[in-house]
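Just so it is clear, none of the values below were taken in a lab; they were calculated from the coordinates. None of these values were measured; they are calculated from a predicted model. In this analysis, Cβ positions are derived from the backbone assuming ideal geometry, glycine residues included, and neighbour counts consider all displayed protein chains.
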Amino acid sequence: MTYDPDNIFAKILRDDIPSNRVYEDDDTVAFMDIMPRADGHLLVIPKTPCRNVLDATPEQLAAVIMTVQKLSQAVKTAFDADGVTIQQFNEAAGGQEVFHLHFHVLPRHQGVPVRAPGTMGDFDEIAQHADKIRSALA
Ligand code: 5GP
């Protein structure tokens, strides 16, 4: 399996298509999922190409998981969450739809199920949630 440089997240990294970024460092970017399954659902990706955990380098994995932890703490604070769900899928058979390594980070509240997949979020609402996360990171 080879990396497709025209996958959606590669285009987001190049700013060929817009995204709502909440965090960025030398190696990683975090941005809001456009089909959020919970308020504050975001994605963390490496800046360099790899499809998923199966072909990522130790350096890519280390950088991404450190950002996942930072953003997990931020969403827990921002949404006064009881917990955080982290999801990650590998290849189509593993549930992956976009083939650039990414981790989902979802703040969770006790007894509240995640929403069904595939429904586009409200852009204004997602922008408000992104602001809350940026404030928690500040
Ligand atoms: P997965 O590959 O882990 O199954 O899911 C890909 C995720 O990317 C989905 O949660 C989907 O909502 C999200 N997604 C797909 N296209 C876009 C996009 O253009 N922008 C953003 N921000 N998220 C996207």
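The charge dipole of the stretch 8-137, taken about the Cα centre with unit charges on the Cβ atoms of Lys, Arg (+1) and Asp, Glu (-1), comes to about 180 debye, rounded to the nearest 20. In a fully extended conformation the segment linking LYS47 and ILE8 would gain 12.7 nm over its present Cα-Cα distance, using 0.36 nm per residue. Normalised by 2.2 N^0.38 Å, where N is the number of residues, the C-alpha radius of gyration of the stretch 27-97 stands at 1.14.
Suppose R0 equals 25 Å; then what is the FRET efficiency for HIS109 and SER135 from their Cβ-Cβ distance, rounded to the nearest 0.05? After rounding to 0.05, the efficiency reads 0.85.
Shown is the FRET efficiency for ASP27 and ASP80, computed with R0 = 25 Å from the Cβ-Cβ distance and rounded to the nearest 0.05: 0.30.
Sorted largest first, the principal axis extents computed over the alpha-carbon atoms of the stretch 17-138 equal 34, 32, 30 Å.
Remark: relative contact order (the chain) = 31 percent; criterion is Cα-Cα distance under 8 angstrom and separation of 6 or more residues.
The gain in end-to-end length when the THR119 to ASN90 segment is fully stretched comes to 8.3 nm, 0.36 nm per residue minus the alpha carbon separation. One compactness figure for the stretch 46-87 is 1.36, namely its Cα radius of gyration divided by 2.2 N^0.38 Å. Report note on the peptides 9-21, 27-39: ranked by the mean count of other C-beta atoms within 10 Å, highest first, their order is 27-39, 9-21. Taking Cα centroids, how far is the stretch 14-62 from the stretch 80-138 in Å? Each part's Cα centre sits 11 Å from the other's. Of the peptides 129-136, 70-77, the order by per-residue mean of other Cβ atoms within 10 Å, starting with the highest, comes out as 70-77, 129-136. Solvent-free Debye calculation, one equal scatterer per alpha-carbon of the stretch 20-60: log10 I(q)/I(0) at 0.27 Å⁻¹ equals -0.93.
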